[in-house]
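The values are calculated or read from the model by the stated rules, or taken from the named source; none is laboratory data. This one's a predicted model, so the numbers in the text were calculated from it and none came from an experiment. With ideal geometry, Cβ positions are generated from the backbone for all residues, glycine too; neighbour counts draw on all protein chains shown. The area values use the complete protein model at the heavy-atom level, side chains included, leaving out ligands, DNA and RNA. Shrake-Rupley method; radii C 1.70, N 1.55, O 1.52, S 1.80 Å.
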Amino acid sequence: MADQAEWTDGDPEHRPRGRRPLTWWADATAYDEENDQLVTIGQSPENRRQALIKLMWIGIWMAYMGAPVSDLADGHHTVPATVCGALGLLAFVTVYLALIFRHTGRALSRRTVFGALGTICALAVVLTLTMGGDWLVLCVYVSVAFGAVLPLRLSRWAIPLNTVCMVAVGVLVRGSHGLVSALIVPSLLGGFAMTGVRQMVRTTRALRAARATVAQLAANEERLRLARDLHDLLGHSLSLITLKSELAGRMLPGKPEQAARQVADIERVSRQALVDVREAVSGFRRPTLEAEVAGARTALAAAGIAAELSRAATHHPDLPPDQEGALAWALREAVTNVVRHSGARRCAVTLDETGDELCLTVTDDGRGATGPHGNGLTGLAERLQLADGRLETGPGERGGFTLRALVPLSRGARVELPSQAAP
């Protein structure tokens, strides 16, 4: 078998542009639609049962070999001619079955395929000229073989050419004129039907691969969603637990009652974090602006950061649930970053309507950004993009850091109900 990675000019990594590989059927899992480089169809049998089923399916069509077999059994030929005809027919069937059975499961080399096709062509012509017109049916099998193993661009002319050769041979053989006219349609139909079957199987395999790819993409998207949710949930909750633990530690010697309240808050936050993680894993987590504003006020107060939340109205009639959830995640991530990284003394949160968008702005007076975005802001940008929104970050007007999350509003038509007169 020729090397399936062999190219016309040596190393495949340095071949000139425009050259094609010698074994244009080498890769049974890829398809070059322009050049029709994939010609293997189906899959290799994985066990004896599958191999037997495939062989039986191919063998069904061998029933049309009845004409040559009957011609041998009738005794019209001499004993040497009968023996040679039987051996020739056996060789034809063997090569044909080996070619169809093997090549449609796993690609053979170019030399092997053309050698097998040349062999059955020669046997079909020689046996028909020497044994009689009943053997013209072999040419139909040659057309089927052309359609099964040749690329479409070659089988388009190979099948009609074989049919013309069959007619020419039939003209040379006495008493076969009626049989020739009867075999023209089967020869053309059998060959082109096999190309159609090959294309159908190829399309089925492509659809299966596409379905597997879609399933893989869906699994990846779910993993990304879960990673984003867990990062946002645990990052915020653990930051708050850490701050309250530090406060409780400082209060323990002289203020046990206040330390106990901090410990109670730690328990409440940890329980809520556990509930949030369970909801995120189940896919039902959709935070609200109202809850996140309350959580932001608590987190900023625990960190000793002055919070300005008076302009953070949490209810808007035109804000869809998905967009509200994206803004809520943005607020949670922004406040978590302010508490953990900014070193700020003041943080302002505003929620303003800008045209057809709702803009959440979180500004602090801390150190500002000191490097590229981390996983939190990257995941937040992806989350906003899924909600048809966008994320904008940069330095504030008076230093610090500013985060702006924008989502579209749904301008639904509102119907005012007519007021009813008092009875």
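Here are the numbers:
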read-out: Where a label projected 7 Å from the Cα of GLU290 along Cα→Cβ would reach, residues of region 325-357 with amide N under 15 Å; value: 325, 328
read-out: Rounded accessible area of PHE146 (nearest 10 Å², 1.4 Å probe); value: 20
read-out: Residue-normalised accessible area of region 84-237, expressed per residue, 1.4 Å probe, Å²; value: 48
read-out: Backbone N within region 299-318 under 18 Å of label point (7 Å from ALA264 Cα along the Cβ vector); value: 299, 302
read-out: Label-to-label distance, nm, for residues given as HIS373 and LEU172 (7 Å Cα→Cβ offset); value: 7.6
read-out: Carbon + sulfur, % of accessible area of region 322-362 - ligands and nucleic acids excluded, 1.4 Å; value: 37
read-out: Per-residue HN-Hα couplings for region 377-389 [Karplus 6.51, -1.76, 1.60; θ = phi - 60°; Hz; x = Gly/Pro]; value: 5, 5, x, 5, 4, 5, 5, 5, 5, 5, 9, 6, x
read-out: Calculated FRET value between LYS255 and GLU392, using beta carbons and R₀ = 45 Å, to 0.05; value: 0.60
read-out: Extended-chain gain in nm, criterion 0.36 nm per residue less alpha-carbon gap, VAL214 and VAL126; value: 26.4 nm
read-out: Residues of region 366-396 with amide N under 11 Å of a point placed 7 Å along Cα→Cβ from ARG346; value: 366
read-out: ³J(HN,Hα) computed for each position of region 229-237 - Karplus, 6.51 cos²θ - 1.76 cosθ + 1.60, integer Hz, glycine/proline x; value: 4, 5, 4, 5, 5, 6, x, 5, 5
read-out: Cα centroid separation - region 372-409 against region 132-173, whole Å; value: 68
